[in-house]
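A quick write-up on the structure given underneath.
The values are calculated or read from the model by the stated rules, or taken from the named source; none is laboratory data. All of these numbers come straight from a predicted model, not from anything done at the bench. A quick note on method: Cβ atoms are made from the backbone with ideal geometry, for glycine too, and the neighbour counts reach across all protein chains shown. Areas reflect the complete protein model, heavy atoms only, side chains present, ligands, DNA and RNA absent. Shrake-Rupley method; radii C 1.70, N 1.55, O 1.52, S 1.80 Å.
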Amino acid sequence: ATAATGDLDRAETTAHAITHPYQQAWALAGLAQAIAATGDLDRAETTAHAITHPDQQARALAGLAQAIAATGDLDRARRLTTAAETTARAITHPYGQVEALTGLAEAIAATGDLDRARTLTTTAETTARAITHTYQQAQALAHLARAIAATGDLDRAETTARTITHSYQQAWALADLAEAIAATGDLDRAEATARTITDPCWQAQALARLAQLPIVLADSTRARRLLALALSIGKWTESLAGLAVVEPAAVGPIADEICARWSRREDDRSG
């Protein structure tokens, strides 16, 4: 929370004062991300390397590698992914290792090394399939599907997503996949993927997310149709963020009506 205020020095002091190892690691990983967002990548890297918990260090290094790759410094980004991979492979908890490896695969894909990223997803899949806890396996496979999509193998990503047996995690994976497909320009397939989500509320969220993407907004008719569909099948509150992007002029009247309804309700109660 302190990092969010911009006071990174105080945030770092607070993080290092935490005595619980995992909570300190979690705080430092978040701090490294906040520092990277300011552009001070050297300090962010120092912070990431100070993390002693392997799960959180791998997460921080992978996230930093993605941020650095975005600046065009691919050599430095690849160096960080190598360090992150060593850390990730040392994680003994299966779910934690899958989460670290899939996040790392996304970071490596961002550097352009798709073959290496795909190799990591294969390793992660072997571990994920061996997880016996049903919900944790579903979460791991959702992370895996997202990472596979980041490597460009959308067919394999979809196959993975559809093997998830937990409905929420499958919906999350398919929504992420729909966005990845949309980024390739295949908006029809993206929409079709989102519409295969069986729960109406989660499908509505996926459609509203699609409607907000810049590549979809370029086709205003499609964006409005997707948003209208989302509003028709799910709770309107879940599509409000999409409405603010696609039809911002509509948000004011809706807010006024909500306020008016609350005012009438309070008047009825007091009366």
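Structure values in brief
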quantity: Of all residues making up the range 234-257, the number that are in contact (Cβ under 8 Å) with a residue 24 or more places away in the chain and among the acidic types (Asp, Glu); calculated: 1
quantity: Number of positions in the range 227-241 that are closer than 13 Å to Leu210 by Cβ and open to solvent by 60 Å² or more (accessible area, probe 1.4 Å); calculated: 1
quantity: Residue list for the range 117-139, restricted to those being in a helix (DSSP H, G or I), open to solvent by 50 Å² or more (accessible area, probe 1.4 Å) and in contact (Cβ under 8 Å) with a residue 24 or more places away in the chain; calculated: Arg118, Thr134, Tyr135, Gln136
quantity: Residue under evaluation Thr221, criteria (1) under 25 Å from Ala194 (Cβ atoms); (2) surrounded by 10 or more Cβ atoms within 10 Å (Cβ to Cβ); (3) over 23 Å from the mean Cα position of the chain (by Cα), criterion not met; calculated: (2)
quantity: Given (1) farther than 29 Å from Leu144 by Cα; (2) without any contact (Cβ under 8 Å) to a residue 24 or more places away in the chain; (3) in contact with a Leu (Cβ under 9 Å, 6 or more places away or on another chain), number of the condition Leu231 does not satisfy; calculated: (2)
quantity: Matching entry among Ala171, Ala192 (being of a type in the set (A, V, I, L, M), free of Cβ contacts under 8 Å to residues at least 60 places away in the same chain and either surrounded by fewer than 17 Cβ atoms within 10 Å (Cβ to Cβ) or closer than 20 Å to Leu104 by Cα (or both)); calculated: Ala192
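Conditions (1) at pLDDT 95 or above; (2) within 30 Å of Leu120 (Cβ to Cβ); (3) of a type in the set (S, T, N, Q), marked per residue:
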{"site": "Ala178", "(1), (2), (3)": "yes, yes, no"}
{"site": "Ala194", "(1), (2), (3)": "yes, yes, no"}
{"site": "Trp202", "(1), (2), (3)": "no, yes, no"}
{"site": "Gly252", "(1), (2), (3)": "no, no, no"}
